[in-house]
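Here the structure comes first, spelled out in structure tokens, and everything after it is commentary.
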Amino acid sequence: MSYRLVYSALFAGAMFVSTPSVADDGFYVAGFAGAAFPLDQETGGLFDPDLDFEFETGFLVGGAVGYRFDDLIPFGRLRLELEYTYREADADEFTVGDVEVPVGGDTSSGSVLLNALVDFELP
């Protein structure tokens, strides 16, 4: 399966994912997808010759489960959620000094966050 097809499917799916909406107190589930833009890695001159890795644009997918509290704070609604995100991108090239070497492989990471959010109520 080509990455172009995967990216297109993720983008199409992301159009239907939105911020969760809960009318009252309660649990909710949210999902998301998007593009990942990993930073290039450079040695910063610690080695001679310099070593640099460049990465292509990748993808990310994730989800969250949370609970929304009503009437806990006077100016809005508090939400607490646990979120997981997975990111992946292919390695593009490796540079040693002035010599560019094409490489294969990828980099990936996962992250877990505990979020506290406030949905402000406007008059």
Taking region 74-95 and keeping residues of a type in the set (A, V, I, L, M, F, W, C) and either open to solvent by 50 Å² or more (accessible area, probe 1.4 Å) or closer than 30 Å to PHE120 by Cα (or both) leaves PHE75, LEU78, LEU80, LEU82
(1) modelled with pLDDT of 80 or more; (2) in contact with a Phe, Trp or Tyr (Cβ under 8 Å, 6 or more places away or on another chain); (3) not aromatic (Phe, Trp, Tyr) all hold for ASP92 apart from (1)
Quick count over region 22-62, residues being over 17 Å from the mean Cα position of the chain (by Cα), under 22 Å from LEU114 (Cα atoms), surrounded by 14 or more Cβ atoms within 10 Å (Cβ to Cβ) and modelled with pLDDT of 80 or more, is 1
Checked region 81-98 for anything over 23 Å from LEU60 (Cβ atoms) and in contact with a strand residue (DSSP E or B) (Cβ under 8 Å, 6 or more places away or on another chain); matches are PHE94, THR95, VAL96
When restricted to VAL101, VAL118, VAL65, VAL112, the only residue surrounded by 13 or more Cβ atoms within 10 Å (Cβ to Cβ), of a type in the set (A, V, I, L, M) and touching a strand residue (DSSP E or B) at 6+ places or on another chain (Cβ under 6 Å) is VAL65
Might you let me know whether region 90-101 holds any residue that is small (Gly, Ala, Ser), within 11 Å of the chain's Cα centre (by Cα) and at negative phi?
no
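The values are calculated or read from the model by the stated rules, or taken from the named source; none is laboratory data. This one's a predicted model, so the numbers in the text were calculated from it and none came from an experiment. Quick reminder, even Gly has a Cβ in these numbers, built from the backbone with ideal geometry, and neighbours come from all protein chains shown. Surface areas here come from the heavy atoms of the whole protein model, side chains and all, with no ligands, DNA or RNA. Shrake-Rupley method; radii C 1.70, N 1.55, O 1.52, S 1.80 Å.
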